[in-house]
1. Every residue in the stretch 385-410 that is touching a strand residue (DSSP E or B) at 6+ places or on another chain (Cβ under 6 Å) and part of a helix (DSSP H, G or I), please.
2. Any residue in the stretch 207-217 that is over 20 Å from Leu384 (Cβ atoms) and assigned to a helix (DSSP H, G or I)?
3. Considering each of Lys248, Lys187, Lys181 in turn, give the residue that is open to solvent by 20 Å² or more (accessible area, probe 1.4 Å), over 25 Å from the mean Cα position of the chain (by Cα) and either without any contact (Cβ under 8 Å) to a residue 40 or more places away in the chain or over 30 Å from Val74 (Cβ atoms) (or both).
4. Give the residue that is farthest from Trp344 (Cα to Cα), with candidates limited to residues of the stretch 374-385 that are in contact (Cβ under 8 Å) with a residue 40 or more places away in the chain and open to solvent by 10 Å² or more (accessible area, probe 1.4 Å).
5. Can you list residue pairs whose Cβ atoms sit under 9 Å apart, with the first residue in the stretch 396-410 being touching a residue at least 60 places away in the same chain (Cβ under 8 Å) and within 11 Å of Leu259 (Cα to Cα) and the second being acidic (Asp, Glu) and surrounded by fewer than 21 Cβ atoms within 10 Å (Cβ to Cβ)? Count only pairs 6 or more apart in sequence or on different chains.
6. Kindly evaluate Ala689 against the criterion of being among the small types (Gly, Ala, Ser) and in contact with a Lys or Arg (Cβ under 7 Å, 6 or more places away or on another chain).
7. Which of the following residues is within 23 Å of Ile614 (Cα to Cα) and either open to solvent by 10 Å² or more (accessible area, probe 1.4 Å) or under 17 Å from the mean Cα position of the chain (by Cα) (or both): Val85, Val74, Val92, Val112?
8. When you scan the stretch 169-178, how many residues do you find that are under 35 Å from the mean Cα position of the chain (by Cα) and either open to solvent by 60 Å² or more (accessible area, probe 1.4 Å) or of a type in the set (Val, Ile, Thr) (or both)?
Amino acid sequence: MSSSRRDFLKTGGSAALVVSFALPLAAPKRAEAALSNSFNPNAYLRITPDNRITVVCGSAEMGQGVLTAIPMLVAEELDADWALVSVEQAPVDQAYNNPMFGMQATGGSTTVRGQWAPMREAGAAARAMLVAAAAETWGVDAATLRTERSQVFGPGGKKLSYGALVAAAARQKAPAKPALKASKDFKILGKPTRRLDSAAKINGTAQFGIDARVDGMLVAVMARAPIAGAKPKAMNEAKARAVKGVRKIISIDSGVAVLADGYWAAKQGRDALAVQWDLGAHADLSAAKVHELLVSGANQAEAVARDEGNVKDAAANAAKTLSAEYEVPYLAHACMEPLNCTAWVKGDEVTIWAGTQSQGPAQGILAQIGAVTPAKVKINTLLLGGGFGRRFAPDFTIDATLLSKLSGSPVKLIYSREDDIAAGFYRPASLVRFEGALNEQGQPTLLRAAVASPSIMAASGFMQIPENGVDAMAVEGLADQPYEIANQRIVYGRAEPGPQVWFWRSVGHSQNAFFIESFVDELAHAAKADPLKFRLGLLAKHPRLRGVLELAAAKAGWGQPAPKGVHRGIAVAESFGSFVAEVAEVSVAKDGTPKVHRVVAAVDCGQTVNPQTIARQIESAIVYGLSAALYGKITHKDGRVEQSNFHDYPVLRMSEMPKVEVHIVPSMEAPGGIGEPGTPPIAPAVMNAIFAATGVRVRKLPLETAALAKA
């Protein structure tokens, strides 16, 4: 967003959009001032005498709604007046560690799952202290008091606001195990709730990472190594230095940076460098070579992820057998906000401003770079303009900090979208070879799969492949697939073509749901069975999967005639503790062009926090997954990525967006994740619908329409 557009939004070019609420992100001075006369029962909550309640959120907001979900958890147990609740981004501190990671980081759809109990306990403890303070004030038994909308009510019509009780509450002892509400008593949780960060994003006051400004800072743009192991062998520094505004040229391990007074000068200087690279061992990398290495990996797959029954006898005794090979390419994250970080290594302190998913790990890494203690590293977490796993990687914070240290100046480093697509982190390419068998009754008796892909665990730098040799993320959703088939063997073969691989929205589930849900559809077709009934027949022990399948099918009208020319496909997946089924309605034009008209999704994510957020996350997950299924691919030629931006790495356009219906299964189960589980089923649901429309089984993504035109 340009400053002029942001200023326009701020100053009332559209006055109706400017509302009084301002998200108090990164306001340490105000927070410190408030501490002296406020009630701070724990690290997550602050109540001031004016009745305002501030919830401190340790997770990063990248569009998934945690800056609203976390306050809702606290406010529910606090019996807070939601109109007086605001949210503040936490500093880096172990108090804000993600309970499921053991470090302060956001990913894996873990925030609500991990904070469901701790945040509610934080609110409940504060409520108990406020009630105790009122009881002491009135000289009555605390058990006779009740709370509602930030007030404590006592006998004889007495009442005190939370703000009036802050001093007395601060003297109370916090309960070790505060009682939590029964879900039947929830007044905030489970209700559609306005997001606390929306207004600031609309009126232009929200601060994303790229908005950070530091006096005297230089802007850095890098010529980044196009592939792991590449080294610069020649460049034109004189031509780069001749660009007006260019101040410094600095080489670091990941590339060559040009530091200038502003972005345009830095980019012009970087382009003038015309760095020539020695690509090393990957100079001949191509799409064909990636495929060849994946095939080789599948041929040599020996690491056993699942082994049940006797696959050899099952194959020998089958009435019908079938086999198929599926493949997906590398994918980029293509965040809307370019990757960026502002860093200042000043004396014995390191300070960064960034939209990062991993503040905790970054603190340790940046401390090493700055040669300071972790306590001397301050991380200002700003809003993320899309994450999808990409901003869990530390590379952009490391490079910015290194450049600040080496230049002696505050530095804002920007990886443009072109830079990051051409030399970034990617979802692994993957290939799987299936074998399946049916008995005389059309029941599947065998599932054998050999999976080949690069290892995210090995690339992460903080995980290790276990002794059995299986990268858990390469086989998740496949090795633990839920269908009750007596004889199964899933093996993994590591293949490493060279590009840096990383977490991508829903990680291994994103491709493995396409693989298994397409092949199960093949089994159903071979058995001459309805795909829905076939799945339900294999899921007798999985009521939540059955539940979402039946709900999505019922809402979509499965078994009833579809509109003329429209065909339906169905898929289901469990991921990150949630269950999602999707029915896609698709037509295919004579030239092979598909149109996805409607997607009906059913989700069981346990107890719900904000149904509005759940619906939005499923919708966005469908956009993300459908974009990848129809268009997404990162390919290489002569060692370099062939794509660069949205013109050749397209995402779904508004005119292509299907109508999406989201139905939530009522549940008393523990909350599941919601940021990612909507992505896995969309590709197989659409491709199964395309099979129903054309008879062509799509086994390789992205979809090639030419293959459908020939049908």
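The values are calculated or read from the model by the stated rules, or taken from the named source; none is laboratory data. Note that the coordinates shown come from a computational prediction; the quantities given were computed from them, not determined experimentally. Cβ sites come from the backbone with ideal geometry, for glycine too, and all protein chains shown count toward neighbours. SASA here: full protein model, heavy atoms, side chains in, ligands and nucleic acids out. Shrake-Rupley method; radii C 1.70, N 1.55, O 1.52, S 1.80 Å.
1. Within the stretch 385-410, the first condition is being touching a strand residue (DSSP E or B) at 6+ places or on another chain (Cβ under 6 Å), and the residues that meet it are 385, 396-397, 399-407, 409-410.
Phe396, Thr397, Asp399, Ala400, Thr401, Leu402, Leu403, Ser404, Lys405, Leu406, Ser407 - these are the residues of the stretch 385-410 that are touching a strand residue (DSSP E or B) at 6+ places or on another chain (Cβ under 6 Å) and part of a helix (DSSP H, G or I).
2. Going residue by residue through the stretch 207-217, those that are over 20 Å from Leu384 (Cβ atoms) are 215-217.
If we keep only those that are assigned to a helix (DSSP H, G or I) too, we end up with none.
The answer is no; no qualifying residue exists.
3. Values: Lys187 fails: either without any contact (Cβ under 8 Å) to a residue 40 or more places away in the chain or over 30 Å from Val74 (Cβ atoms) (or both); Lys181 fails: either without any contact (Cβ under 8 Å) to a residue 40 or more places away in the chain or over 30 Å from Val74 (Cβ atoms) (or both).
Matching residue, one of Lys248, Lys187, Lys181: Lys248.
4. Here is the first cut: in the stretch 374-385, the ones in contact (Cβ under 8 Å) with a residue 40 or more places away in the chain are 377-385.
With the extra rule that they be open to solvent by 10 Å² or more (accessible area, probe 1.4 Å), the set shrinks to 378, 380, 382, 385.
Values: Lys378: 10, Asn380: 12, Leu382: 16, Gly385: 22 Å.
Once the filter is applied, the top-ranked residue is Gly385.
5. Close Cβ pairs satisfying both conditions: Pro410/Asp215.
6. Values: among the small types (Gly, Ala, Ser): yes; in contact with a Lys or Arg (Cβ under 7 Å, 6 or more places away or on another chain): yes.
So Ala689 passes the test.
7. After applying the criteria, what remains is Val112.
8. Matching residues across the stretch 169-178 total 2.
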